[in-house]
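The block underneath contains the structure these notes are about, expressed in structure tokens.
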Amino acid sequence: MNKNIFFKGEGPFLLNNLFDNLDKKKIKIFDIKNLKEATKDDLTFLESANYVSFAKSTKASSCITTEKLKIYLPKSCEPVIVTNVLFVLCKIAKKFYPNADIDFPDLSLKKPKKSFYSKVKFGNNVLLGKKCKIGKNTIIGSNTVIEQNVTIGDNCVIGSQVVIRNSLIGNNVVIQDGSKIGLKGFGFIPLKGKNLRFPHIGKVMIKDNAEIGANCTIDRGSMNDTIIGENTFLDNQVHVAHNIQIGKNCMIAGQVGFAGSTTIGDNVSIGGQAGVSGHLKIGKNVKIGGGSGVVKDIEDGAVVMGYPAIPLKEFIRSIKK
């Protein structure tokens with residue numbers, strides 16, 4: 001992520017003021033970002049060995065991590081050792097972005113002024129937030145809500161009863177009726193009596209020529225962005241959780257569900273009602289059969305089916321027995 005146009009941060013903070021009993025030099029922290037995108041002005045986090053490759057090259061000045069994982073950080077990055085990284089990250093993120101853990105209604109919504117959008121066609125009862133940008137020859141269907149700071153490119157078709165917030169939409173994108181784009185993901189820390197909601201400060205990026213079917217839900221990222229690649233088509237009723245990154249030219253059939261923080265390569269096809277677990281890497285040119293359950297990484301070019309998903313030839317042999 002570059003500058004966050006959807007959520008205003010409360011920083012900077014001094015590192016030793018963010019953490020109790022922390023005897024560290026006075027490092028000024030302007031923002032909190034993931035390992036890959038953090039700069040010397042940022043605090044980052046490392047909670048899993050899956051992200052060691054990013055940790056080794058992070059430019060962050062400091063990192064929330066564990067005693068076991070701190071060895072993967074460069075010398076320029078000050079480790080902040082904790083027992084539960086995600087719990088501490090959630091508390092610190094709420095200090096930087098206190099209003100990003102709940103989706104408050106956009107009270108700036110108004111009917112579009114035709115003088116501002118002379119080359120855009122609107123249906124009835126469309127509402128726009130402040131500073132929306134909509135490209136030429138785009139059509140917006142009736143009863144659709146586009147919240148503040150959203151950008152939509154040229155030649156797009158946005159259906160009726162669509163809600164878009166915290167999103168950047170490319171050119172020639174189709175979003176069919178009833179879809180909800182950029183809502184907060186299902187992220188929280190379970191606590192006895194009251195769960196701790198995790199702030200979602202990322203956005204959704206839908207690249208050029210993509211199509212989103214009717215009644216899809218695409219959650220914005222928590223610390224990363226959720227990305228739908230160029231020329232990727234989602235069928236109706238697909239759920240894309242926070243931080244998912246889907247590559248180019250993918251075909252996702254109806255009722256597929258993605259858990260958070262999984263990466264999908266280019267040219268991937270997924271059959272209807274398949275489920276993909278979180279924090280996985282699905283390679284390029286992969287085919288996943290309908291109704292499958294993917295619970296581990298899949299290498300490039302693989303064809304899998306079943307629950308748990310296994311190579312197709314193994315699946316066929318198993319059902320013949």
(request) May I ask you to verify whether Ser115 is without any contact (Cβ under 8 Å) to a residue 24 or more places away in the chain and not assigned by TED's automatic domain parsing to the domain that holds Thr217? (result) yes
(request) Say whether the condition of being closer than 24 Å to Asp101 by Cα and surrounded by fewer than 17 Cβ atoms within 10 Å (Cβ to Cβ) is met by at least one residue in the stretch 131-153. (result) yes
(message) Kindly evaluate Gly278 against the criterion of being under 23 Å from Tyr51 (Cβ atoms), modelled with pLDDT under 95 and crowded, with 18+ Cβ neighbours inside 10 Å.
(response) no
(request) Considering only the stretch 217-235, state which residues are surrounded by 24 or more Cβ atoms within 10 Å (Cβ to Cβ) and assigned to a loop (DSSP other than H, G, I, E, B). (result) Arg220, Gly221, Ser222, Met223, Thr232
(message) Testing Ala214 on (1) surrounded by fewer than 21 Cβ atoms within 10 Å (Cβ to Cβ); (2) in contact with a Gly (Cβ under 9 Å, 6 or more places away or on another chain); (3) over 22 Å from Arg165 (Cα atoms), one condition comes back false. Which one is that?
(response) (3)
(request) Please find, within the stretch 202-214, the residue that is nearest to Gly271 (Cα to Cα) out of those that are in a loop (DSSP other than H, G, I, E, B) and in contact with a strand residue (DSSP E or B) (Cβ under 8 Å, 6 or more places away or on another chain). (result) Gly213
(request) Output the number of the condition that Asn50 fails; it satisfies all remaining conditions of (1) under 22 Å from Met205 (Cβ atoms); (2) in contact (Cβ under 8 Å) with a residue 60 or more places away in the chain. (result) (1)
(message) Please determine whether any residue of the stretch 263-272 is modelled with pLDDT of 95 or more, over 22 Å from Ile206 (Cα atoms), more than 19 Å from the chain's Cα centre (by Cα) and part of a loop (DSSP other than H, G, I, E, B).
(response) no
(request) Restricting attention to the stretch 14-53, report how many residues are at pLDDT 85 or above, of a type in the set (D, E, K, R) and either within 16 Å of Tyr97 (Cα to Cα) or part of a loop (DSSP other than H, G, I, E, B) (or both). (result) 8
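The values are calculated or read from the model by the stated rules, or taken from the named source; none is laboratory data. Predicted model, so just to flag it, every value in this text is computed and none were measured. All Cβ positions, even for glycine, are placed from backbone atoms using ideal geometry, and neighbour counts span all protein chains on display.
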